[in-house]
Each structure stands twice: as C-alpha cells, then as structure tokens.
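The values are calculated or read from the model by the stated rules, or taken from the named source; none is laboratory data. All values derive from a computational prediction rather than experimental measurement. Backbone-built Cβ (ideal geometry, glycine too); neighbour counts: all protein chains shown.
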Amino acid sequence: MTTVIRQEDIIASVEDALQFISYYHPKDFIDAVYEAYQKEESPAAKDAMAQILINSRMCAEGHRPICQDTGIVTAFVNVGMDVRVEGDMSFDDIINEGVRRGYGLASNVLRASILDDPDGARKNTGDNTPAVIHYKMVPGNTIDIHVAAKGGGSEAKSKFAMLNPSDSVVDWVLKMVPTMGAGWCPPGMLGIGIGGTAEKAMLLAKESLLDPIDIQDLRERGASNRAEELRLELVDKVNALGIGAQGLGGLTTVLDIKVKDYPSHAANKAVAIIPNCAATRHAHFVLDGSGPALQTPPSLDDWPEVTWEVGDSVRRVNLDEVKKDDLLDWKPGETVLLSGKLLTGRDAAHKRLVDMINKGEPMPVDFTNRFIYYVGPVDPVGDEVVGPAGPTTATRMDKFTATVLEKTGLIGMVGKAERGPAGIEAIRNNKAVYLMAVGGAAYLVSKAIVASKVLAFEDLGMEAIYEFEVKDMPVTVAVDTNGEAVHETGPKIWKAKIEEQALSIK
Ligand code: SF4
C-alpha cells in the first residue's frame, strides 16, 4: 500500500536534524575521544582533546555550533518505492528548503559557507544551499535519510587514486595520511572506498563515515571479510604514524577507520580516502507518513567531566604591547594565553590585501606589530559578542604570507594545523611566529573573545577583517622565529616512541 509523506514533514525533519548535529556530537564519538584522551601520553595532544571535549559539552549545553565551519550538507536519501510525496516541490528543493531553514534558525544561526560559481565570482548563496544529495530507490514505504554537515578543512584532505590491481591499499593509505597534515582536525575517522569506478569509490568513502565508531567491537569479534581485515590493520598502522590530535604528535590520530567496497573492473582498483574531523556531524531519520521524524536530545550525562588547566609556566602575552623582539624566545609547543586586540582575516581578505599591495595601494588597517587570526566566525545570537570562532586551515594562507609579513609589519599569525614550506620560510625570514588554536573547539575559543568589530572589507561577510578583543585565548606556538615547527617535530618524536613501545612489547 502506498504511504503518503508530506513534503513539509521532510523539510521539518531535515531542519531539525541539521540544528541537532550542529551542537550535539554523536555519543559514540564522545566516548571514543574520551577513551583516547584518557590513554594519551603526549601532553600537547591530550590538551587538544581536553579542549575538544570541553567544547563539545559547552555546545550541547548552549545549543551553539561545535565548529565555526558548520559544513556543507550532504544527504543520502533512500526512497521507498511505495511512497508518494505530497506537495509540488522537487525532492532537491525539499531538502534544500530544510537546509535553508536549519541554517537560518534565529536562535542558532549557522554559518553559510557555500559559494556559487566556484571558479569564478565565488558568491555566497547566503543560506548554505544547495546540499549535495544522493538518492536510491529501495523497496518499502518509508523515506530513510542520513544528513551530514561536512567541514571544508576535512573535505579538503580527501584523496583518490586509481591503483593498479596488484598495488597495496594499505601502502597507499599509509603514504597518503602523512601528506594530509592536520588540517582535517584529527582525531577523527577515515572513510575508505575501494572498487567500482572513480566516482563510486569516493561515494563509498563518504557513505562509510555515516556508520558509528565500533572498532573495539570489531577487534573483539574479529574480521569476517577483507574490508574488516583492512580496518583492523589500518587503524593500528595509521595510529603508529604518531600524527596525534591536531597533528601535535601522539598516540591517537584516528578513532576508527571505515572501509566499504564494491565490485571493480578487472583493470582497475579505485581507492578513495575521505577524513571526518573532530566536528563529526551526522544524523539519521525515517519518515513513515506519521509526521516529521525529529531527533531525540541526548542526556548531558553522556559527556565526561573534563577539566583543562594551563600550567604555571604558561606565557601570557599582551597583544597591544608585544613587539617583534619579544617573539625571539617563544618555544615550539609552548602554551600561550593571548589578551588584547587581535585582527582577523582569511582567504578572501588575504587575496585582496596582496592585490592591493601589488598595486601600491594603502592598507585598510595598520598591521604594524599586530597578530592576525585566520577565522570566519559564525554570526552572534542573543547577547553573544561573536558566534563560534575557531581557526581555519593556515596552509591556505601560505602563498600570501611572505608578502604580508614583508610589506605590512604583521608579526604573528594564529590558525589551524601546520604551515607548508613557503609559510615556514616566510616566518623564518621575517622572524615572525605562527600559533595554533584547536580546530573543532570553536565555541570554547569564542568565549575568550570579549569584543568584536569589523575594520575592513565588510562586503566579505564572515571573511571580513574584524578586530577581536581577546582575554586569555589559549594557543600553542606551532612555528617559532627560527622556523622550527611543532607539526614536524611532534609526529616524528611520537612515531619513534610508538615504535619503541611496540618493540619492547615484542
Ligand atoms: S573541526 Fe576542523 S575540519 Fe572540522 S569543520 Fe571544524 S575546522 Fe573544519
């Protein structure tokens, strides 16, 4: 018998799910991070996980986004063949209306990050539409939907290869993961798709990330097929790389690895990796014609009580007084608490600044002895000064860094994850510093921002140059004035320690 499902019920369910996942981590993710936090021996990685867990609880309590990047919506829709949708919209339009409402909800506005004309004007669509939607027609009389909101930083680290049939997937994954750096905000998951065609392998990798974290269960019950064997082998081998939380070096880089496969042409072995970051966001619901399918709020008891104390040796910096010479004794890995006025700027602002420099135009802001924070915050709601405002991937600013440091008087940068060779060289040559904040702890960071105003490029929206007044904003020295980088030294040290531990167990 045909089931009638109202389009309004689908829209309301999508809206509700997107709001829900913006502030509630799934319980399996919280449990896995807490377990990794408890067993972590690297102090820097443990600190990063403490911040992720504290941020997660604050978001659950405050109903505000886990990360400032609230993602691009991906929907996997299984439509029962005995369903009729009542209404006159296309299914794409129905999902996109849910996205529009979910991202625009006044009490928890989410960041609109989707740009139209991606290789041209790159104009923000304003409401985070359109979603990327995948459909399947299946037997039955329900509509089954998974929605995910995928951060740009982790999506950017996706990998694909068409291997030779005799090539090793394990070798390829172990070669790729170190090249992904920390911009995907580990600890998280890797989704791996094997087989099919090029696009099928990517889709399998993405779909695999919808499954809950269950690697411990798999360890206990043992692998029953090749995909499960690969999961068990890869999870240990990837963690033995020593990359650690936020790439700082440590025991846990991945909480789980998922593998999905599909029959392949005899000449091909397509393989894809898509990482899922510390802002893991996905929800599932089933519509059966009885009304919207709404999410059930979790209990706050699901979150562990984690405290994070900065040690006595922490360096406190007044951004309004700091000068270039003061930076010379800052040490890689050192925790710093920033207070005072901090400029912001990310991709579009950097591009515009460098274009202006090249044309000999005056700067819109005086950067002398200032620090810039790579961030695109969520708009504030209620009495907030600013919405969640975590760091964005710093390597994207590398190609602008030499020019900006040489020509503007800027002395420091704050961002997420490692710098690339060009960024490090510019930092060394200019005796500047690069500091990292924890990606995926955006609401926690925003609590250190006590005032905010736009100084320039207002037309760029969340990419405008703001001036934040911060109080005790926690960051780590990631590249010092000599170009020594904690993302290079940390993983090396921890890879060696893990190898040593493995040998001593043998
Ligand atoms: S946790 Fe990191 S990768 Fe994930 S959405 Fe946030 S900034 Fe992006």
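Within the range 295-305, which residues are acidic (Asp, Glu) and assigned to a loop (DSSP other than H, G, I, E, B)?
Glu305
With respect to Leu163, determine if the residue is away from the ligand (no atom under 16 Å from the Cβ), of a type in the set (A, V, I, L, M, F, W, C) and within 13 Å of Phe76 (Cβ to Cβ).
Considered against the rule, which asks whether it is away from the ligand (no atom under 16 Å from the Cβ), of a type in the set (A, V, I, L, M, F, W, C) and within 13 Å of Phe76 (Cβ to Cβ), Leu163 comes out as no.
Can you tell me how many residues within the range 125-148 are touching a Leu at 6+ places or on another chain (Cβ under 7 Å) and under 12 Å from Gly80 (Cβ atoms)?
Of the residues in that region, 2 qualify.
Quick check, is Arg101 within 16 Å of the ligand (Cβ to nearest atom), closer than 27 Å to Ala112 by Cα and of a type in the set (Lys, Arg)?
no
Got a number for residues in the range 95-145 being of a type in the set (Asp, Glu) and buried (at least 16 other Cβ atoms within 10 Å of the Cβ)?
Final tally of qualifying residues: 3.
Residues to consider are Gly333, Gly289, Gly340; find the one that is outside any loop (DSSP other than H, G, I, E, B), on the phi > 0 side of the Ramachandran plot, in contact (Cβ under 8 Å) with a residue 12 or more places away in the chain and surrounded by 15 or more Cβ atoms within 10 Å (Cβ to Cβ).
Within the list Gly333, Gly289, Gly340, the selection yields Gly340.
Taking the condition of being more than 16 Å from the ligand (Cβ to nearest atom) and either over 13 Å from Val259 (Cα atoms) or among the small types (Gly, Ala, Ser) (or both), how many residues in the range 180-199 meet it?
6
Condition check: more than 27 Å from Glu321 (Cβ to Cβ), more than 21 Å from the chain's Cα centre (by Cα) and of a type in the set (Asp, Glu). Does Asp398 satisfy that? Even if it seems obvious, please write down each step before you answer.
Working: more than 27 Å from Glu321 (Cβ to Cβ): yes; more than 21 Å from the chain's Cα centre (by Cα): no; of a type in the set (Asp, Glu): yes.
Spelling it out, it is not the case that Asp398 is more than 27 Å from Glu321 (Cβ to Cβ), more than 21 Å from the chain's Cα centre (by Cα) and of a type in the set (Asp, Glu).
Could you tell me whether the range 347-370 includes any residue that is aliphatic (A, V, I, L, M), in a loop (DSSP other than H, G, I, E, B), without any contact (Cβ under 8 Å) to a residue 60 or more places away in the chain and in contact with a helix residue (DSSP H, G or I) (Cβ under 8 Å, 6 or more places away or on another chain)?
yes
Is it the case that Val173 is away from the ligand (no atom under 16 Å from the Cβ), within 27 Å of Gly71 (Cα to Cα) and either touching a residue at least 40 places away in the same chain (Cβ under 8 Å) or surrounded by fewer than 24 Cβ atoms within 10 Å (Cβ to Cβ) (or both)?
In short, yes.
For the range 58-76, give me each residue that is charged (D, E, K, R) and either within 16 Å of the ligand (Cβ to nearest atom) or surrounded by 22 or more Cβ atoms within 10 Å (Cβ to Cβ) (or both).
Within the range 58-76, Arg64, Asp69 qualify.
Of the numbered conditions (1) in contact (Cβ under 8 Å) with a residue 12 or more places away in the chain; (2) over 21 Å from the mean Cα position of the chain (by Cα), Cys277 satisfies every one except a single condition; which is it?
Here Cys277 clears every test but (2).
List the residue pairs whose Cβ atoms are under 8 Å apart, where the first residue sits in the range 180-193 and is more than 17 Å from Arg281 (Cβ to Cβ), the second is more than 11 Å from the ligand (Cβ to nearest atom) and part of a loop (DSSP other than H, G, I, E, B), and the two are 6 or more positions apart or on different chains.
Gly181/Glu418; Ala182/Ile243; Ala182/Leu248; Ala182/Glu418; Gly183/Glu418
A quick yes/no check of all residues on (1) touching a helix residue (DSSP H, G or I) at 6+ places or on another chain (Cβ under 7 Å); (2) touching a residue at least 40 places away in the same chain (Cβ under 8 Å); (3) aliphatic (A, V, I, L, M); (4) loosely packed, with under 14 Cβ neighbours inside 10 Å:
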site	(1), (2), (3), (4)
Arg226	no, no, no, yes
Leu232	yes, no, yes, no
Val238	yes, yes, yes, no
Leu255	yes, yes, yes, no
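What residue, of Pro65, Pro43, is in contact (Cβ under 8 Å) with a residue 24 or more places away in the chain and either in contact with a Phe, Trp or Tyr (Cβ under 6 Å, 6 or more places away or on another chain) or not aliphatic (A, V, I, L, M) (or both)?
Details: Pro43 fails: in contact (Cβ under 8 Å) with a residue 24 or more places away in the chain.
Going through Pro65, Pro43 in turn, just one is in contact (Cβ under 8 Å) with a residue 24 or more places away in the chain and either in contact with a Phe, Trp or Tyr (Cβ under 6 Å, 6 or more places away or on another chain) or not aliphatic (A, V, I, L, M) (or both): Pro65.
Checking Asp214 against (1) in contact with a helix residue (DSSP H, G or I) (Cβ under 6 Å, 6 or more places away or on another chain); (2) closer than 30 Å to Gly490 by Cβ, which test does it fail?
(1)
Restricting attention to the range 306-318, does a residue exist that is closer than 29 Å to Val235 by Cβ, assigned to a loop (DSSP other than H, G, I, E, B) and within 16 Å of the ligand (Cβ to nearest atom)?
no
Which members of the range 476-494 meet the condition of being hydrophobic (A, V, I, L, M, F, W, C) and more than 23 Å from Pro178 (Cα to Cα)?
Matches in the range 476-494: none.
Tell me the residue from Thr392, Thr401 that is without any contact (Cβ under 8 Å) to a residue 40 or more places away in the chain, crowded, with 23+ Cβ neighbours inside 10 Å and among the polar types (S, T, N, Q), please.
Values: Thr392 fails: without any contact (Cβ under 8 Å) to a residue 40 or more places away in the chain.
Being without any contact (Cβ under 8 Å) to a residue 40 or more places away in the chain, crowded, with 23+ Cβ neighbours inside 10 Å and among the polar types (S, T, N, Q) holds for just one of Thr392, Thr401, which is Thr401.
Using the structure shown, decide if Val381 is in contact with a Ser or Thr (Cβ under 8 Å, 6 or more places away or on another chain), surrounded by fewer than 20 Cβ atoms within 10 Å (Cβ to Cβ) and modelled with pLDDT under 95. Full working, then the answer.
Working: in contact with a Ser or Thr (Cβ under 8 Å, 6 or more places away or on another chain): yes; surrounded by fewer than 20 Cβ atoms within 10 Å (Cβ to Cβ): yes; modelled with pLDDT under 95: yes.
Yes; evaluated as a whole, the condition is true for this residue.
Restricting to the range 146-157, name every residue that is crowded, with 17+ Cβ neighbours inside 10 Å and not in a helix (DSSP H, G or I).
If the condition is that a residue be crowded, with 17+ Cβ neighbours inside 10 Å and not in a helix (DSSP H, G or I), then His146, Val147, Ala148, Ala149, Lys150, Gly151, Lys157 are the ones that fit.
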